[in-house]
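Have a look at the structure below, then the notes.
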Amino acid sequence: MTRRKMLLMTGGATVLGLAALVGFVDQNVIFAADDDDKEALIKLMGTSKINLQQGLAASEQQGQPISAKFEVDEGKLQLSVYTAKDGKFSEVLVDYTNGKVMKAEPITEGDDLAAAKLQSAAMAKAKTTLKEAVDKAVTQSGSARVVSAVPSLKDGRPLVTIALVCTENLSSGVVVVKSAKDGV
């Protein structure tokens, strides 16, 4: 494995779940993208002037944030936040250089709509906001930066999977990615 390849790890800590302390469930990070996309995302993350939490806050004008992720689209970094409002879903693109909403598009069909419905169902049962869950993960991880936060339901309980990139290793080309499932 070259120095540019990502080293995958699992993270763990205890967090407040629905009504009791719940442990992180060890979870390997699985990326749908190929290695080149992962490398491009890691390189481009350094160009972002905002963090995921700021993107979540900016997207609130379009509805309740139900998931968020930095991704590479056509070679360019983008911050995508799914929101829910009045039973409808939108994908909000937040400018990663200034934190302002660039555009919001309705999600009306396909896999995106199915994912938004599942994420919305998880957030409807959550006791905290997505931003609060991300803030907690950042506090516990130290110098890591959040790449994505995606809620789901497990046995009827809401969890959020948070992918982190260890920023102190970005200059060396070795990146530690941690993923944790955190009760929300």
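Suppose we filter L77, L52 for residues that are closer than 17 Å to A137 by Cα and of a type outside the set (G, A, S); which single one remains?
Numbers: L77 fails: closer than 17 Å to A137 by Cα.
Checking each option against the conditions leaves just L52.
Looking at (1) within 15 Å of L130 (Cβ to Cβ); (2) charged (D, E, K, R); (3) at pLDDT below 95, which is the one condition that is false for D26?
Tallying (1) within 15 Å of L130 (Cβ to Cβ); (2) charged (D, E, K, R); (3) at pLDDT below 95, D26 fails exactly one: (1).
Inspect all residues belonging to region 31-52 and state whether any of them is modelled with pLDDT under 90, assigned to a loop (DSSP other than H, G, I, E, B), surrounded by fewer than 18 Cβ atoms within 10 Å (Cβ to Cβ) and among the aliphatic types (A, V, I, L, M).
yes
Going by the structure shown, is E105 within 17 Å of A58 (Cβ to Cβ), over 14 Å from the mean Cα position of the chain (by Cα) and of a type in the set (D, E, K, R)?
So E105 passes the test.
The values are calculated or read from the model by the stated rules, or taken from the named source; none is laboratory data. Since the model is a prediction, treat every value here as computed from it, not as a measurement. Every residue, glycine among them, receives a Cβ derived from its backbone with ideal geometry; neighbour counts consider all protein chains shown.
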